[in-house]
1. Using a Cα-Cα cut-off of under 27 Å, which lysines could be cross-linked to B:K108, ignoring same-chain neighbours fewer than 8 residues away?
2. Using a 10 Å cut-off on Cβ to Cβ distances, tally the other chain neighbours for every residue of A:36-44 and report the average as a whole number.
3. Given the pairs A:K109/A:K168; A:K69/A:K168; A:K69/A:K109, which span a C-alpha to C-alpha distance of over 28 angstrom in this model?
4. Please say if region B:71-153 is rounded, prolate or oblate, where rounded means a/c under 1.5 for a ≥ b ≥ c the square roots of the C-alpha gyration tensor eigenvalues, and otherwise the choice is prolate for a/b larger than b/c and oblate otherwise?
5. Just to confirm my numbers, what's the Cα centroid distance between region A:168-194 and region A:71-111 in Å?
6. First check a/c for region A:38-93, with a ≥ b ≥ c the square roots of the eigenvalues of its C-alpha gyration tensor; if it is under 1.5, answer rounded, and if not, answer prolate when a/b is larger than b/c or oblate otherwise.
7. Need the C-alpha centroid separation for region B:52-115 versus region A:19-55, integer Å.
8. List the residues of region B:147-163 whose backbone N lies under 12 Å from a point placed 7 Å from the Cα of B:D60 along the Cα-to-Cβ direction.
Amino acid sequence: MRAWMLIALAACSPDIPSGSYECGPNAACPTGQACDGPTNTCVISSIATAFACDPGVEHDDNTPATGTKIPQLACVSNVFQTAGCLAANDGQDWWQLTAPTGCVAVEAKVIVSYPVAFEPLALALTDTTTGAQVATDTACKNPPPGGEDSRCITQTITSGDDYALAVKPLGMGDDCDGTCNFNRYTLSVQLDTP
Amino acid sequence: MRLAWIALALLVPARAFADEPPPPPPESAPAPAPTEAPPPVPVHDPDSAADYRPQPMPKDIVIKVNRDRDTNNILLVGGIAAAGALLGAVGVYYNLDSRDAAAAISPKMPTSQPWTSAQQADYDRAHSSGVKAGVFYGLGGAALLASAVLFIVTAPGEDRTVIHPHYAIAPTRGGAFVARAWSF
């Protein structure tokens, strides 16, 4: 009993091993730890490394015309998933999508998932055939696992039209006062019948 | 001041002597012996004379009676001790609160959860309550220590009565007279 009391009274300081938590919004971590850029986890400050985009996922994709092409999808397709990265001060990534022809109706389901540690991202879908922005993101019905956030677009598209999908910073200020204005993301696109 | 004399007389039994054996028969035709010198007359020596006056005993008898604490002193010492216990109890409360908050954010393995403002609030609470616990433990301990010191320092005095015993022994015819006296 006495030993239990001693243990109960003694353990009043948090014991948080390195790597226990994912980084929170604005790269938040427990005191004494810092957000590790490559893994988005809170680690001891001395071993934390800076964020950097994987060179393999960076493209010259800052305009709709130069956006990375998404492979042609069928009227009802599997999920196409790809990784992307917005480096610091990278205003947007564009992805080109062509709606298949011969479909009765096509609905595009787009999801962008990203770590909450760095700058939140947003989506915008533009019909490059008409030049009109046809959809912006909303909250997803199925939130991603802890440590990540996601935004979704579910939009009926016109068969045969070309579309451009923009992934860009949300711009709400959750960028560590400008010191974490970057993020990596996973883009998922699926076509289906509405 | 000599208040009382308590005397105890002891009559020591008279010294008994056994019957002396009969003298031996005189020897016949004793030779004339040379005359012996008369025994010396004892001289009175005042230094070696017995002193029958009461003599002091080697150790006094001391009677100590502790006085009672007054009510104000009891209330003061008890109040400080109670305050110390209360402060200690508050320290325990904050200690346990700090422990709960610390336990809530101390994982045994990677959580796959982000560090959010809720966790940060628990972290801050654990730290804050830990500091408060330390402060209250310190204050409570100081109060308890102060009450203990005050208890000792303000201990009421005692009434001392010293009794000086004396004794006297005087020989009497056929025995001795023993007397003991106390003065206080």
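The values are calculated or read from the model by the stated rules, or taken from the named source; none is laboratory data. These numbers come from a predicted model, not from an experiment. Positions of Cβ are backbone-derived with ideal geometry, glycine not excepted, and every protein chain shown enters the neighbour counts. The area values use the complete protein model at the heavy-atom level, side chains included, leaving out ligands, DNA and RNA. Shrake-Rupley method; radii C 1.70, N 1.55, O 1.52, S 1.80 Å.
1. Correct list for B:K108: B:K132.
2. Mean partner-chain Cβ count within 10 Å for A:36-44: 1.
3. On the way: A:K109/A:K168 17 Å; A:K69/A:K168 17 Å; A:K69/A:K109 16 Å.
Beyond 28 Å between Cα atoms: no listed pair.
4. On the way: a/c = 4.99, a/b = 4.47, b/c = 1.12.
In terms of gyration-tensor shape, prolate.
5. 15
6. Note, shape of region A:38-93 comes out oblate.
7. Between the Cα centre of region B:52-115 and that of region A:19-55, the gap is 47 Å.
8. Zone members listed by number: B:160-163.
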